[in-house]
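Trainee: Handing you a structure now.
What follows is calculated from the coordinates using simple rules that are stated; it is not laboratory data. As the structure is a computational prediction, the values presented were derived from the model and not from experiment. For neighbour counting, all protein chains shown are included, and Cβ atoms are generated from backbone atoms with ideal geometry for every residue, glycine included.
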Amino acid sequence: MDVIETRRFPGLGRLFLAAGPENRSRAVEFVDAAEAGVPKARRWIITIAVQAGCPVGCTLCDAGAVGYWGNLSADEMLEEVGRVLASNPRLDAKAHPDLQIHFSRMGEPALNPAVLEALERLRAEVGGPGLSCALSTVAPDTPVAESFMERLRAVKDEHYAGGRFELQFSLHGIDERERKRVVPVRTWSFERIADYGRRFRKEGDRKVVLNLALRPGAALDAQALASRFDPAHFAVRLSPVLPTRAAEQAGDAHPWRKPPPALSAFAKGLRALGFEVRVGPGAEGDAAAGAACGQLWSAPLQSFASIRRRNLERDEASYVSAATLESKAAAWHEALKPYARPLPPPRSSGLLIVDMQDSALSPRSPEFLPASRAVARNIARLAAGFRAAGRPVAFSVQGDGRVADILAVREHEPVLRRKKSSGFSDAGLLRWLDERGVRTLVICGVMTHLGVEATARDASNLGFDARLPLDACAGADEDVHLAALKTAAHDFAFVQSTEEVLGAICPESC
């Protein structure tokens, strides 16, 4: 990975932003830190990302607002550690008395099996008498996470026995309802976590930590927590909910330097029941620097999160979705009946897909078009059908955009890069069609009223039989989408459904 940017926070450490050279948008943050008031030569903490973004989306964390962009490999996680080690040439990791690697900056470790490999390799490649690791999980209830957690026990026992590993469960609520509000994925029950914690911790190991960053008004019942978790095996950490953008949007922010009286009383009650309780907001400069858990410090990731948040709101308000496409298409078909014309049989068909780029489908992109996600499956079906029938498929995009992965461009399929609305503004399109004898051109993609319509007009003027699948095209809104289809059906193109196109082009193989 390449380090894109770093930022120092005085007295505490340094923040890193890094990404692979092939995809700068798949960026991650990691942290080089010291404990407040303790020299880094005595206690050194490196907090690394395990995923690009996060698929969980807790209401107190901005990492989920970025979206999920994939698991990091063990090599990438070790490279994060290596970058921090290299930036501290005066410190010897192998001889350090207290070097902690935390798998908690970005992502959910239990959903990335490569974390286990990274843990094993850290012990072998970094080693040293003072090396320990910590891992924080929300305990997602998935087969991948279940396998991960069982293997984690073996990795801990083999490589980090005797108190060199700290497992943390981020509960963020003392009842399941409150927890579900903050952690919006299916998780292990408290009873299952309690059972696992008892089996995980052996003689000499650290206690399993229950992380509780509690929003305003959250239930504070020490006895309820003690009824589920044994203080012989579990400790509790109470933290503020920092005013991250996600927490503020959800109304969950609860920042404090000194714990409020109710939280202090809760801590006192837990201690009276035998729990080891850690209360504190972390180092004073952490939140200001953006280094605290749940925060994003780098401008690029903050921007990605803001864009994605707005785009998800647009997606919710979109005129069509995958769930409503069928009923919407039926309504559009009715609205187009007055413009119907006799349909000639197809002749040497070809498929042109317009502007179905990653940027149109990704909520992280400023060019996101919500309706494009609704029609993407039908466009993929058209591509698969034409390929199965041995008919040519081409793509038309603007600029240097990359065709969406769902369409799986084949090596022999051209990606034509135009500068104007019509695909025919690239002379290569007409040449490509003529070389293959295409006379019926099916045009789909986005936007219906811009690139799709302009290309269909030119196709008709050049003597092609132009066809538009109404449920494989998308516009900025329903009005312009339907208006473009009506105009096309009235004059220069035939409008059909995806099923009708496939039935005519490849009735047996599609």
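Trainee: Just to confirm a number: summing +1 for Lys and Arg and -1 for Asp and Glu over residues other than Ala456 whose beta-carbon lies under 15 angstrom from that of Ala456, what do you get?
Mentor: Around Ala456, the surrounding residues sum to +2.
Trainee: Computed from the mean reciprocal separation of all distinct C-alpha pairs, what Kirkwood hydrodynamic radius does the stretch 377-430 have, in Å?
Mentor: Numbers: mean 1/r = 0.0838 Å⁻¹.
Value: 11.9 Å, from the Cα pair sum.
Trainee: Okay, next question. Which order do the peptides 220-226, 2-8, 490-496 take when ranked by the mean count of other beta-carbon atoms within 10 Å per residue, highest first? Write out the running numbers ahead of the final one.
Mentor: On the way: 220-226: 16.6, 2-8: 13.3, 490-496: 19.9.
Ranking, from highest mean packing down: 490-496, 220-226, 2-8.
Trainee: Within the chain, which complete DSSP H helices have Cα atoms spanning at least 27 Å along the helix axis and a mean Kyte-Doolittle hydropathy of -1.0 or higher?
Mentor: Details: long enough: 370-388 (29 Å, 0.19).
Sorted by number, the helices that extend far enough and score high enough are 370-388.
Trainee: Now for a different question. Starting from the Cα-Cα distance between Glu248 and Glu316, subtract it from 0.36 nm times their residue separation and give me the gain in nm to one decimal. Write down the numbers at each step before the final one.
Mentor: On the way: separation 68, 0.36 × 68 = 24.48 nm, distance 2.00 nm.
Extending this stretch completely gives an extra 22.5 nm.
Trainee: What does the helix-only formula give at 222 nm for the chain: each DSSP H stretch with n ≥ 4 adding -39500 (n - 2.57), the total divided by the residues, and the result rounded to the nearest 500 deg cm²/dmol?
Mentor: -10500 deg cm²/dmol
Trainee: Gap in Å between the Cα centre of the stretch 368-411 and the Cα centre of the stretch 429-506?
Mentor: 14 Å
Trainee: Report the Stokes-Einstein translational diffusion coefficient (µm² s⁻¹, integer) for the stretch 4-113, Rh taken as the Kirkwood radius over Cα pairs, at 20 °C with viscosity 1.002 mPa s. If you can, show how the numbers build up before the last one.
Mentor: On the way: Rh = 14.5 Å.
The diffusion coefficient I find is 148 µm²/s.
Trainee: May I pose another question? List Trp297, Trp44, Trp256 from most exposed to least, where exposure is judged by having the fewest other Cβ atoms within 10 Å. Mind showing how you got there, number by number?
Mentor: Working: Trp297 20, Trp44 26, Trp256 13.
The most exposed by this proxy come first: Trp256, Trp297, Trp44.
Trainee: How far apart, in nm, are the 7 Å Cα→Cβ label points at Arg271 and Asn461?
Mentor: 8.1 nm
Trainee: In whole angstrom, and with the biggest value first, how far do the Cα coordinates of the stretch 401-510 range along each principal axis?
Mentor: Principal-axis extents of the stretch 401-510 (Cα, largest first): 38, 36, 31 Å.
Trainee: Okay, next question. Would you please give the FRET efficiency between His233 and Thr324, computed as 1/(1 + (r/R0)^6) with r the Cβ-Cβ distance and R0 = 51 Å, to the nearest 0.05? Show your work: numbers first, answer last.
Mentor: Numbers: r = 49 Å, r/R0 = 0.97.
Taking R0 as 51 Å, the efficiency between His233 and Thr324 is 0.55.
Trainee: List, in the order given, every pair from Lys420/Lys486; Lys180/Lys258; Lys94/Lys258; Lys180/Lys268 whose Cα-Cα distance in the structure shown is over 32 Å.
Mentor: Working: Lys420/Lys486 23 Å; Lys180/Lys258 27 Å; Lys94/Lys258 37 Å; Lys180/Lys268 26 Å.
Check vs 32 Å cut-off fails for Lys94/Lys258.
Trainee: Antiparallel versus total DSSP beta bridges in the chain: what percent is that, nearest 5? Walk me through the numbers before you get to the answer.
Mentor: On the way: 24 of 73 bridges.
Bridges in the chain that DSSP calls antiparallel: roughly 35 percent.
Trainee: Using only the Cα atoms of the stretch 161-228, what semi-axes does the equivalent ellipsoid have when each is the square root of 5 times a gyration tensor eigenvalue? Give whole Å, largest first.
Mentor: On the way: eigenvalues 111, 30, 27 Å².
So the three semi-axes of the stretch 161-228 are 24, 12, 12 Å.
Trainee: Another one. Measure out, as a whole number of angstrom, how far apart the alpha-carbon centroids of the stretch 314-333 and the stretch 28-54 sit.
Mentor: One Cα centre to the other: 46 Å.
Trainee: Per 5 Å bin, what percent of the C-alpha pairs of the stretch 321-505 does each bin hold, from zero upward?
Mentor: Calculated over all Cα pairs of the stretch 321-505, the distribution is 1, 9, 19, 24, 23, 15, 7, 2, 0 percent.
Trainee: What residues of the stretch 463-485 lie in the reach of a label at Arg347, counting those whose backbone N is under 13 Å from a point 7 Å from the Cα along Cα→Cβ?
Mentor: 463-466
Trainee: A follow-up question, please. Can you give the FRET efficiency for Lys258 and Arg377, using 1/(1 + (r/R0)^6), R0 = 60 Å, r = Cβ-Cβ distance, to the nearest 0.05?
Mentor: Computed FRET efficiency for Lys258 and Arg377: 0.65.
Trainee: Still on this structure, please answer the following. Apply 1/(1 + (r/R0)^6) to the Cβ-Cβ distance of Arg7 and Arg90, taking R0 = 25 Å, and write down the FRET efficiency to the nearest 0.05. Write down the numbers at each step before the final one.
Mentor: Details: r = 20 Å, r/R0 = 0.81.
The calculated FRET efficiency here is 0.80.
Trainee: Report the convex hull volume per residue for the chain, counting only C-alpha atoms, in Å³. Walk me through the numbers on the way to the answer.
Mentor: Numbers: hull volume 84.3 nm³, N = 510.
Residue-normalised Cα hull volume stands at 165 Å³.
Trainee: Sequence gap at least 6, Cα distance under 8 Å: using those rules, report the relative contact order of the stretch 101-168 to the nearest whole percent. Don't skip to the end; give the middle numbers.
Mentor: Values: 67 pairs, mean separation 30.1, N = 68.
44 percent.
Trainee: So what's the gap between the Cα centers of the stretch 84-118 and the stretch 129-165, to the nearest angstrom?
Mentor: 14 Å
Trainee: Size of the stretch 67-117 along its principal axes in angstrom, Cα-based, largest extent first?
Mentor: Largest to smallest, the principal-axis extents are 36, 18, 17 Å.
Trainee: Between Ala335 and Arg198, what length comes free when the chain is fully extended (0.36 nm per residue of separation minus the Cα-Cα distance, one decimal in nm)? Intermediate results must be reported in sequence, preceding the final value.
Mentor: Numbers: separation 137, 0.36 × 137 = 49.32 nm, distance 6.43 nm.
Taking 0.36 nm per residue and subtracting the Cα distance, the gain is 42.9 nm.
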